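Bear in mind these aren't lab numbers, they're just calculated from the coordinates by the rules spelled out. Fair warning: this is a prediction, and the values are worked out from it, not measured in the lab. Positions of Cβ are generated from backbone atoms using ideal geometry, with glycine treated the same way; all protein chains shown enter the neighbour counts.
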Amino acid sequence: MSEQSRIKDKGGTMRLGVYKCKLNPKSISYQAYGKRIIFERHRHRFEFNNKYRKILEKAGLRIVGVNPEKNLVEIIELKNHPFFVGSQFHPEFKSRPNRPHPLFRQFIKIAKKLSEPNRGWFSGKHGFSKNNIEMKSKLGTVLKI
């Protein structure tokens, strides 16, 4: 936009480039990578606010990947979910058609396993059935299909 062309101070808060991440060995993410230390590419302006870390962990959020130098949250997972993984970095930057990113590969692997009859997610033990899919949380019904 032409009215912004003279703006010189743009904040400089962009986190760009490759950063180190240390994984929790008891996580889906660790299963995907098969190693404790990974390096991933970033391009963003926002960070997880550690001020809310304990509150969110108490509510079921798992912090499973952290930048050890700056204590920045890199990967989160949700307790009691077969594959709820969120990342601060961009896994698509390192994914190729013949070499999918480890998180994408793990997602497909788990989805395939859970889609098998009488196994996993639709077996009834997670509160789901093929006839009535309803996801519940402490806040009430979140998703109903």
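Subtract the Cα-Cα distance of ASN80 and PHE39 from 0.36 nm times their separation in residues, and report this length gain in nm to one decimal.
Result: 12.1 nm gained on full extension.
For segment 12-120, what are Rg and Dmax over the alpha carbons, in angstrom?
Rg then Dmax for segment 12-120, in Å: 14.6, 52.
Going by how many other beta carbons lie within 10 Å of each one, how would you line up ARG15, ARG45, fewest first?
Going from least to most buried by this count: ARG45, ARG15.
Can you put SER29, SER87, SER115 in order, fewest other beta carbons within 10 Å first?
Result, fewest neighbours first: SER115, SER87, SER29.
Under a Cβ-Cβ cut-off of 13 Å, what is the net charge of the residues other than HIS101 that fall near it, where Lys and Arg count +1 and Asp and Glu count -1?
Charge balance in the 13 Å sphere: +4.
Just add up the charged neighbours of PRO68: K/R +1, D/E -1, any other residue whose Cβ is under 12 Å from the Cβ of PRO68.
+2
Going by average Cβ density within 10 Å per residue, which order do the peptides 97-107, 67-77 take, highest to lowest?
67-77, 97-107
How many nm separate the modelled label positions at LYS113 and ARG99, each set 7 Å beyond the Cα in the direction of the Cβ?
2.5 nm
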